[in-house]
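Report on one structure; see the data block that follows.
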Amino acid sequence: GDPQRWVRGRVHRARTGWLMRRAAHVVALWPGGQASIRSLYGLPAHRVSCIPNARSLPSADEMPRDAARLLWGLPPDAPVVAWAGAMSEEKRPLDAVRAAAALRETHPDAWLAMAGDGPLRAEVDAAAQRALPGHHLLVGNLPSLAPLWAAADVALLTSRTEGMPGVLIEARLRGLPAVATDVGAVRDVVSDAGEVVPADASAGDVAAALHRWLGHRVDPEGAAPFTWPRVAQQWADLLRKVAR
């Protein structure tokens, strides 16, 4: 998560700082998080490193697009927006429903496919029934999100707080552009492979960004720094250094 969001008063900050100062080393996921940890908890620069979140490379036997759409009864040519995460307040899944509904003003055949579960699941389902009748799909928790990405045209992230979202890394590794709110390390992951919108962007603004990226594919190589072959080596190097 975002270190700035961890702080819940002076006592919590003091306890967290005490625990971090006891550690031999602290790792943040992105430079902004690294700076926050140093500032909030008084750690010296040599005891804080930055190693990004990571995901596995797509496997050769992942489900192709046509099969993924057939699996869930999605039209073969309709635009599909994919959202994945916990259906809880900090992820703002209802904002995804509103944005997809706004997108249908320019793309009447657009669909919203959502993976995940949580306390807002029933509310999200009801909202989607009203705003996207016959054009939404809630698939619950999945053992792998690969079929979701295979079926989609663009990934959507609507969170009000994040660290370095693994779902955006997964989507980019499969050539999907993303539209995501400007929180945590989102800019580091999305970069030029989509569009970062303000955290308080309106449904219409998010829909406009989705419209701009529909039909685009991005270079998966841009996500190479967030893959295990790269990241595992950074961890191995750091662990050897700390052990010495």
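The values are calculated or read from the model by the stated rules, or taken from the named source; none is laboratory data. Please read these numbers as outputs of a predicted model, since none were measured by experiment. Don't worry about glycine lacking a Cβ; one is built from the backbone with ideal geometry, like all the others, and counts go over all protein chains shown. When the accessible area is computed, the model is the full protein with side chains, heavy atoms only, and any ligands, DNA or RNA have been set aside. Shrake-Rupley method; radii C 1.70, N 1.55, O 1.52, S 1.80 Å.
Restricting attention to region 4-50, and to residues there that are within 18 Å of Gly184 (Cβ to Cβ) and modelled with pLDDT under 90, which single residue is surrounded by the fewest Cβ atoms within 10 Å (Cβ to Cβ)?
Restricting to residues being within 18 Å of Gly184 (Cβ to Cβ) and modelled with pLDDT under 90, the top hit is Arg8.
Does Thr158 fit the bill of being of a type in the set (Ser, Thr, Tyr), closer than 24 Å to Asp192 by Cβ, surrounded by fewer than 18 Cβ atoms within 10 Å (Cβ to Cβ) and at pLDDT 95 or above? Write out each step before concluding.
Working: of a type in the set (Ser, Thr, Tyr): yes; closer than 24 Å to Asp192 by Cβ: yes; surrounded by fewer than 18 Cβ atoms within 10 Å (Cβ to Cβ): no; at pLDDT 95 or above: yes.
Criteria not met by Thr158.
Suppose we filter Gly222, Gly184, Gly175 for residues that are open to solvent by less than 10 Å² (accessible area, probe 1.4 Å) and out of contact with any Phe, Trp or Tyr (no Cβ under 6 Å at 6 or more places or on another chain); which single one remains? Break it down into steps so the answer makes sense when it comes.
Details: Gly222 fails: open to solvent by less than 10 Å² (accessible area, probe 1.4 Å); Gly184 fails: open to solvent by less than 10 Å² (accessible area, probe 1.4 Å).
The match here is Gly175.
Which of the numbered conditions does Val190 fail, given that it passes all the others? Conditions: (1) free of Cβ contacts under 8 Å to residues at least 24 places away in the same chain; (2) surrounded by fewer than 23 Cβ atoms within 10 Å (Cβ to Cβ).
(2)
For region 63-84, what are the residues that are under 16 Å from Pro143 (Cβ atoms) and either at pLDDT below 95 or not in a strand (DSSP E or B) (or both)?
Met63, Ala68, Leu71, Trp72
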